[in-house]
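Comments concern the structure below.
The values are calculated or read from the model by the stated rules, or taken from the named source; none is laboratory data. These numbers come from a predicted model, not from an experiment. Positions of Cβ are generated from backbone atoms using ideal geometry, with glycine treated the same way; all protein chains shown enter the neighbour counts. Quick note on the areas: whole protein, heavy atoms, side chains included, nothing else; ligands and nucleic acids left out. Shrake-Rupley method; radii C 1.70, N 1.55, O 1.52, S 1.80 Å.
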Amino acid sequence: MLTFFSVVVAAVIFEYSNGFHDAANAIATVVSTRVLTPRKAIAMAAFFNLTGALLGGAVASTIGKGLVDTNVVTMSTVLCAVIAAFAWNIATWWFGLPSSSSHALIGGLCGAALAAARGNWSVIKWNAGVWPKVIVPMVTSPFAGFIFGGLLMFLLFVTLHRFTPHFVHSLFGKLQIFSAAWMAHSHGTNDAQKTMGIITLALFTGTKAGSFDHLPDWLNFLKTPVFALPVWVTILCAATMAVGTAAGGWRIIRTLGHSMVKLQTVHGFAAETSAAVIIQAASYYGIPLSTTHVISTSIMGVGAVKRFSGMKWRVVERIIWAWLFTLPASGLIGYALARAAAAL
């Protein structure tokens with residue numbers, strides 16, 4: 001029982017870090033274009049992350065039972081996975097790198113499950129889960145963000161070239177508020193679901209192991225004989241994500257909103273709208289997409305159309321290296337933690 005409460009506490013802390021780590025996903029562009037003040041932008045992002053997190057459950061199911069064999073997963077395994085993801089989140093946040101919280105959690109879970117199975121790689125659901133819902137989207141979603149962001153920006157240039165800069169800035173200053181809100185909502189529908197899946201996996205595992213059999217009646221809500229999202233888990237994770245978002249993530253906001261390319265309102269609108277469409281579609285199909293990858297590459301695509309030479313490609317290179325290392329690094333941390341826990 002103590003292990004379960006440790007899992008919940010660790011998951012809540014991770015969700016909180018996910019909120020402030022990924023706050024930049026929704027508001028970096030709207031802050032950099034000065035459409036909203038940082039405080040108003042974070043408040044808006046927190047609210048719409050909350051509304052998005054309360055909807056759906058397909059992504060949570062993928063994380064909880066679609067990536068690894070639940071028969072070898074214990075509460076200790078889940079705890080090690082969450083700690084590994086949190087450690088990687090904090091490390092990349094400290095250096096201002098917009099890495100993927102989603103991939104950190106997935107890597108930590110796969111690494112910890114592999115350790116629990118004593119190195120048996122068949123415990124990881126490659127063909128049905130990891131390959132089609134993690135690896136393939138990890139490669140294709142950044143390209144989609146870059147292409148769709150660039151294409152939308154090009155179409156806007158063609159459509160608006162006869163209008164005055166003042167009119168364009170004024171119009172998209174208003175429209176960007178809606179695109180940023182949509183981006184925050186879509187982020188909530190995908191990212192908050194992952195921690196919901198982890199907590200539900202711990203509940204399901206604990207129920208199968210009989211950990212809740214001797215609890216008093218008022219704790220019967222913890223028993224989860226079938227993998228299904230409890231309402232209290234949804235509310236807890238949604239609220240925590242919103243609070244974490246409200247805390248902000250200024251290091252990453254500066255990287256996405258200022259360091260890669262100088263944005264104006266029309267560019268922010270194009271990047272946010274492109275990213276929101278892709279993330280919303282992925283959430284519908286239960287794909288635990290990296291929202292960080294999508295918004296970052298959407299900004300890159302928009303910036304490349306604006307002025308290719310204006311992109312700060314050294315910053316882009318640092319971001320890409322963080323992406324490539326996230327899965328293996330968090331997986332290695334999760335594996336090491338699970339092996340250490342088993343040796344105790």
### Summary
Selection over the stretch 182-224 where residues are polar (S, T, N, Q) and closer than 27 Å to residue 99 by Cβ yields a count of 6
## Note on the structure
Among the residues of the stretch 248-274, the number that are at pLDDT below 60 and either more than 29 Å from residue 195 (Cβ to Cβ) or open to solvent by 10 Å² or more (accessible area, probe 1.4 Å) (or both) is 7
### Query
Restricting attention to the stretch 53-72, and to residues there that are of a type in the set (A, V, I, L, M) and open to solvent by 10 Å² or more (accessible area, probe 1.4 Å), which single residue is farthest from residue 15 (Cα to Cα)?
72
### Task
Could you tell me which residue of the stretch 301-328 is nearest to residue 81 (Cα to Cα), considering only residues that are modelled with pLDDT of 80 or more and open to solvent by less than 10 Å² (accessible area, probe 1.4 Å)?
326
### Query
Is there a residue being under 21 Å from the mean Cα position of the chain (by Cα) and over 30 Å from residue 304 (Cβ atoms) anywhere in the stretch 138-150?
no
### Query
Can you pull out the residues in the stretch 199-249 that are β-branched (Val, Ile, Thr) and farther than 19 Å from residue 54 by Cβ?
205, 207, 224, 226
### Task
Quick one: residue 245 ticks every box in (1) surrounded by 24 or more Cβ atoms within 10 Å (Cβ to Cβ); (2) hydroxyl-bearing (Ser, Thr, Tyr); (3) more than 22 Å from residue 44 (Cβ to Cβ); (4) at pLDDT below 90 except a single one, so which number is it?
(3)
